[in-house]
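This report concerns only the one structure given below.
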Amino acid sequence: MAGKLEMRECYGQALVEAGRENERIVLLEADLRKSTMGELFRQEFPERLFEVGIAEQNMIGMAAGFALTGWIAVASSFAVFASGRAFEQIRQSVALPRLNVKIGGSSAGLTDTGDGATHQSIADLAIMRALPNMTVLSPADGIEMKGAVKAMLEVDGPVYIRVGRIAAPTLYDEDYKFELGKIVVMRPGKDVTLAATGTMVHVALEAAELLAKDGIDARVLNVHTIKPLDEEAILAAARETAGIVTVEEHNIIGGLGSAVAEVVSAAGGGPVVRVGVEDVFGQSANSYEELLAAYGLTPANVRAKAQSLLQRA
Amino acid sequence: MSSQELIQDLKERARQLRRDVVEMVYRAQSGHLGGSLSAAEIVAALYFHQMRIDPQNPQDPNRDRFIPSKGHAAPILYAALAARGFFPREDLWTLRQVGSHLQGHPDMRKTPGVDMTSGSLGQGFAAGLGMALAGKLNGQDYQVYCLLGDGELNEGEIWETAMAAVHFKAHNLIPIVDFNKVQLDGPVSEIMPIEPLRAKWEAFNWHVLEIDGHDMNQVVEALAEARRLDRCVVIIAHTVKGKGVSFMENRHQWHGQPPNEEQYRRAMEELGGGQE
């Protein structure tokens with residue numbers, strides 16, 4: 001444990017490892033492979049890497065074509081372009097025909113810190129979650145990234161996976177077994193629940209430490225699979241604790257917070273408080289930490305939201 | 001069959017396909033006539049002559065593929081699939097009905113023989129490119145035919161694919177432009193002109209075969225030529241929107257309008273006798 005792992009490198013390495021075991025995997029890239037780390041795959045399997053240039057729409061269509069003939073087609077781009085520029089291709093040519101295409105949304109969330117709002121993705125989870133047939137993954141650390149990539153390649157159908165452009169604190173041991181669709185209880189607790197996704201899981205864990213000092217026993221959930229959502233674990237948290245604080249590097253509209261609120265309200269309700277980007281676009285910053293602080297994606301803010309939820313309850 | 005007999009047979013097939021298209025859209029009171037009628041010779045030549053397909057084994061990995069990237073031409077595809085025995089001809093009369101396997105636009109998960117879901121313009125060609133490259137990677141020799149609309153060429157994605165196909169030497173991908181000169185809102189030359197079309201494809205390093213898309217001899221020859229040539233070949237087929245029904249020809253109003261009873265009768269009269 002301890003230390004940090006580059007999420008993108010883990011994505012690229014996992015694809016290489018999968019490529020060694022399975023000769024039926026192709027990777028498509030749109031002139032960002034040195035950033036998405038699809039480059040690692042190219043180095044080992046140049047004949048199975050298709051560099052399509054800056055043409056995300058064609059890339060997704062081509063991936064669909066490969067899937068139609070029995071290949072597992074992985075296509076990477078920045079999350080904002082994959083889910084935005086190529087959305088309609090994903091909808092019509094991948095999700096609707098239920099094809100075996102995997103989409104890697106790189107530089108996700110605010111992790112393309114310097115490039116600003118144009119390159120930051122705060123709606124990709126919402127967009128992808130709303131598509132029938134789509135599985136949506138958002139791993140929390142490098143170890144989980146590798147497990148999630150492996151798992152997504154075993155799914156027979158469309159999968160979107162979020163990949164941050166950061167070295168994320170490692171939360172898991174090497175022997176961690178990723179289980180698609182199953183929430184991981186990172187820390188048991190009975191007072192309040194912090195449900196986080198992606199690299200916000202470690203923010204939630206730090207918030208839980210702070211809350212512990214306040215005498216509050218917080219449960220921390222790692223929601224690595226946004227869809228299909230592990231409703232059982234969400235409802236257990238709603239039942240067994242005073243309420244749920246969701247934490248995501250995403251707009252509070254449409255992502256994890258919305259998904260959790262949908263499940264809880266359908267089951268009769270209970271407090272859900274959403275921590276995330278509050279329906280504004282991102283901006284450039286010198287450091288990722290600065291940007292997270294600007295949008296309240298910090299342990300201190302999560303702690304404050306948890307406290308106010310408990311006061312209401 | 002002599003080549004003359006073949007041409008006669010294919011012409012007759014095209015006429016029957018047109019009849020089924022009009023019948024389908026009339027019964028459904030919904031669907032796209034103009035762009036189906038303009039492609040009748042092309043689709044007949046593909047499904048009754050050029051393509052290597054087996055209705056008993058619609059998923060044969062070595063089959064040739066056809067993607068109507070202009071997915072609104074679904075009726076002409078369905079007519080051809082039924083005529084080739086992929087499903088019973090009676091199914092045609094369920095077009096666009098709830099529960100029918102014949103959707104308004106082709107759905108590969110519902111209709112036997114449909115190779116790819118299409119309907120959002122510009123996308124089928126890209127999927128065709130992926131299929132073509134996969135075939136090369138697999139060491140298979142199948143061909144992938146894509147029917148492109150002229151209005152569809154307004155879509156930027158078409159040109160992304162056109163650029164990439166040449167780069168990847170996808171010689172087994174054969175786009176056929178159904179150049180019927182009319183799009184939904186009006187003439188292509190007024191809505192969004194695409195001329196000089198030949199020069200556009202040539203500028204993208206394609207070899208262009210320009211034909212009369214209603215001359216069955218030319219259609220059959222162009223398809224054979226495209227398959228034979230070891231380079232990227234596009235067939236630009238000059239056609240007439242609504243071809244075969246005088247009052248529908250060249251009229252954008254018939255892009256997506258169903259005929260009423262009187263129009264239906266006149267259309268069927270003009271198209272000649274049916275087979276029962």
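Estimated translational diffusion coefficient (Stokes-Einstein, Kirkwood radius over Cα pairs, 10 °C, 1.306 mPa s) of the protein assembly as shown: 62 µm² per second.
Mean-square fluctuations from a GNM of chain A, with a 10 angstrom spring cutoff on Cα atoms, peak among A:Ser287, A:Ser258, A:Ser83 at A:Ser287. Remark: C-alpha extents of the stretch B:82-219 on the principal axes read 45, 44, 32 Å, sorted largest to smallest.
Springs join every pair of Cα atoms under 10 Å in this Gaussian network model of chain B, and among B:Gly130, B:Gly113, B:Gly149 the largest mean-square fluctuation is at B:Gly130. Between the beta carbons of B:Glu5 and B:Arg228, assuming R0 = 30 Å, the FRET efficiency works out to 0.85 to the nearest 0.05. Partners of A:Lys4 within straight-line reach, counting lysines whose Cα lies under 17 Å from its Cα and excluding those fewer than 8 residues away in the same chain: A:Lys146.
Note on A:Ala285 and B:Gln253: the model spin-label points, each 7 Å out from Cα along the C-beta direction, lie 6.1 nm apart. The 3J(HN,Hα) values that the Karplus relation (6.51, -1.76, 1.60; θ = phi - 60°) gives for the stretch A:289-296 are, in residue order, 4, 4, 5, 4, 5, 4, 10, x Hz. Gly and Pro appear as x. Pair-distance distribution of the stretch B:3-271: all C-alpha pairs, bin width 10 Å, starting at 0; shares per bin in whole percent are 7, 33, 39, 19, 2, 0.
Could you work out the helix-only [θ] at 222 nm for chain B, with each DSSP H run of four or more residues adding -39,500 (n - 2.57) and the total divided by the number of residues, to the nearest 500 deg cm²/dmol?
Details: 10 runs with 108 residues, N = 276.
Value at 222 nm, helices only: -12000 deg cm²/dmol.
Projecting label points 7 angstrom from Cα along Cα→Cβ for B:Lys169 and A:Ser265 puts them 5.7 nm apart. For the stretch A:169-224, dividing the convex hull volume of the Cα atoms by the residue count gives 76 Å³ per residue.
Please compare each pair in B:Lys11/B:Lys70; A:Lys182/A:Lys213; B:Lys181/B:Lys243 to a cut-off of 18 Å on the Cα-Cα distance and tell me which ones are over it. Intermediate results must be reported in sequence, preceding the final value.
Details: B:Lys11/B:Lys70 22 Å; A:Lys182/A:Lys213 29 Å; B:Lys181/B:Lys243 12 Å.
Going by Cα-Cα distance, B:Lys11/B:Lys70; A:Lys182/A:Lys213 fall outside the 18 Å limit.
Equivalent ellipsoid semi-axes for the stretch A:38-170, as square roots of 5 times the alpha carbon gyration tensor eigenvalues: give them largest first, rounded to whole Å.
Details: eigenvalues 88, 58, 48 Å².
For the stretch A:38-170, the semi-axes come out at 21, 17, 16 Å.
Placing a label point 7 Å from the Cα of A:Lys190 along the Cα-to-Cβ line, the residues of the stretch A:217-235 whose backbone N sits under 16 Å from it are A:217-220.
How big, in percent, is the set of alpha carbon pairs in the stretch A:137-195 lying more than 15 Å apart? Intermediate values should be presented prior to the final figure.
On the way: 923 of 1711 pairs.
When every Cα pair of the stretch A:137-195 is considered, 54 percent fall beyond 15 Å.
With a Förster radius of 35 Å applied to the beta-carbon distance between A:Tyr176 and B:Asn62, the computed FRET efficiency rounds to 0.25. Within chain B, antiparallel bridges make up roughly 10 percent of the DSSP beta bridges whose residues both belong there. GNM remark for chain A: springs join alpha carbons under 10 Å apart, and the peak mean-square fluctuation among A:Thr69, A:Thr113, A:Thr246 falls on A:Thr69. For GluC sites (Glu not before Pro), the sites in the stretch A:210-298 that DSSP calls loop and that have at most 14 other Cβ atoms within 10 Å are A:Glu278.
For B:Trp159, the accessible area of its heavy atoms, probed at 1.4 Å with every protein chain present, is near 40 square angstrom. Against chain B, whose longest principal axis comes from its Cα atoms, helix B:3-28 is set at around 60 degrees.
Between helix B:74-83 and chain B there is an angle of about 80 degrees, using the helix long axis and the longest principal axis of the Cα atoms.
Most simply put, the protein assembly as shown has about 15% antiparallel DSSP beta bridges, counting only bridges with both residues inside it.
When A:Ile253, A:Ile216, A:Ile244 are compared by accessible area at a 1.4 angstrom probe, the order from most to least is A:Ile253, A:Ile216, A:Ile244.
Would you mind telling me the antiparallel percentage of the DSSP bridges in the stretch B:97-236, rounded to 5? If you can, show how the numbers build up before the last one.
Numbers: 2 of 14 bridges.
The antiparallel proportion sits near 15 percent.
Each Lys and Arg contributes +1 and each Asp and Glu -1, all at the Cβ; summed about the Cα centre of the protein assembly as shown, the dipole is approximately 540 debye. Helix B:216-228 axis versus longest C-alpha principal axis of chain B: approximately 30°, rounded to the nearest ten.
Using the crude model of +1 on Lys and Arg Cβ and -1 on Asp and Glu Cβ, and no other charge, please compute the dipole size for chain B relative to its Cα centre, in debye to 20.
Values: 28 positive and 36 negative charges, 79 e Å.
Charge dipole of chain B: 380 debye, to the nearest 20.
So what is the calculated 222 nm ellipticity per residue for chain A, using -39500 (n - 2.57) for each DSSP H run with n of 4 or more, over all residues, to the nearest 500 deg cm²/dmol?
Values: 12 runs with 117 residues, N = 313.
Calculated at 222 nm, the ellipticity per residue is -11000 deg cm²/dmol.
Here the label points at A:Lys4 and B:Glu262, each 7 Å from Cα along the C-beta direction, are separated by 7.7 nm in the simple model.
The values are calculated or read from the model by the stated rules, or taken from the named source; none is laboratory data. Remember, predicted model here, so these are calculated numbers, not experimental data. Don't worry about glycine lacking a Cβ; one is built from the backbone with ideal geometry, like all the others, and counts go over all protein chains shown. When the accessible area is computed, the model is the full protein with side chains, heavy atoms only, and any ligands, DNA or RNA have been set aside. Shrake-Rupley method; radii C 1.70, N 1.55, O 1.52, S 1.80 Å.
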